[in-house]
1. Using the structure shown, decide if Gln5 is surrounded by 13 or more Cβ atoms within 10 Å (Cβ to Cβ), touching a residue at least 60 places away in the same chain (Cβ under 8 Å) and either touching a helix residue (DSSP H, G or I) at 6+ places or on another chain (Cβ under 7 Å) or of a type outside the set (Ser, Thr, Tyr) (or both).
2. Where the second residue is among the β-branched types (Val, Ile, Thr) and open to solvent by less than 40 Å² (accessible area, probe 1.4 Å) and the first is without any contact (Cβ under 8 Å) to a residue 60 or more places away in the chain and within 18 Å of Ala17 (Cα to Cα) and lies in region 46-64, which pairs have Cβ atoms under 9 Å and are six or more apart or on separate chains?
3. So Ser36 fits all but one of (1) surrounded by fewer than 15 Cβ atoms within 10 Å (Cβ to Cβ); (2) under 19 Å from Thr134 (Cα atoms); (3) touching a helix residue (DSSP H, G or I) at 6+ places or on another chain (Cβ under 9 Å); what number is the exception?
4. Scan region 99-113 for residues that are under 16 Å from Phe125 (Cα atoms) and modelled with pLDDT under 85 and jot them down.
5. Just checking, how many residues over region 61-82 are surrounded by 15 or more Cβ atoms within 10 Å (Cβ to Cβ), over 26 Å from Glu26 (Cβ atoms) and out of contact with any Gly (no Cβ under 9 Å at 6 or more places or on another chain)?
Amino acid sequence: MSGVQLLYSRSRHITSAGIRLATWGEFSHVALVDGSQVVEAVFSGGVRDGDMNAAIARASRWALVEYEHRNPSGMIAAARSQIGKPYDLPGALGLGVHRDWQQDDAWWCSELVPWASAQAGEEWFMPQAMHRITPQHLWMRPGRIISCS
């Protein structure tokens, strides 16, 4: 079985601190790694391709973790198929009030990753919970830390 890598990060920005506080997590962001690139959903640009080194440089703390996956290329392709879709701000805000405002045409970082995994044939979470996943939920999955700061 091969693996897929996720880059977890946090920054010194107030929203990063708020996300970590609300989710009881160490990290506020997660991105799917594809070689030297990341596929991520960010507030300022929606789902996009990015440079992994630039993502690491923006972080005040980060960790690269590998997870077993039956179809990593399918997972990456599914995430890439969403490039250009907007950030799911109503859905992210819905986490704070325990309301599922998920829309299929917008994403936040930690809902894109399990959705892409499910599209590639491996559900990491129960389907009815998939749109309420935080970076902390993904961090709790068993995986192998490759490197971190």
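The values are calculated or read from the model by the stated rules, or taken from the named source; none is laboratory data. These numbers were taken from a predicted model, which means no experiment stands behind them. Glycine gets a Cβ as well: all are built from the backbone with ideal geometry, and neighbour counts include every protein chain shown. With ligands, DNA and RNA removed, areas are computed over all heavy atoms of the protein, side chains included. Shrake-Rupley method; radii C 1.70, N 1.55, O 1.52, S 1.80 Å.
1. yes
2. Within 9 Å, the pairs are Ala55/Val38.
3. So the condition that Ser36 fails would be (2).
4. Those that are under 16 Å from Phe125 (Cα atoms) and modelled with pLDDT under 85: Asp100, Gln102.
5. 3
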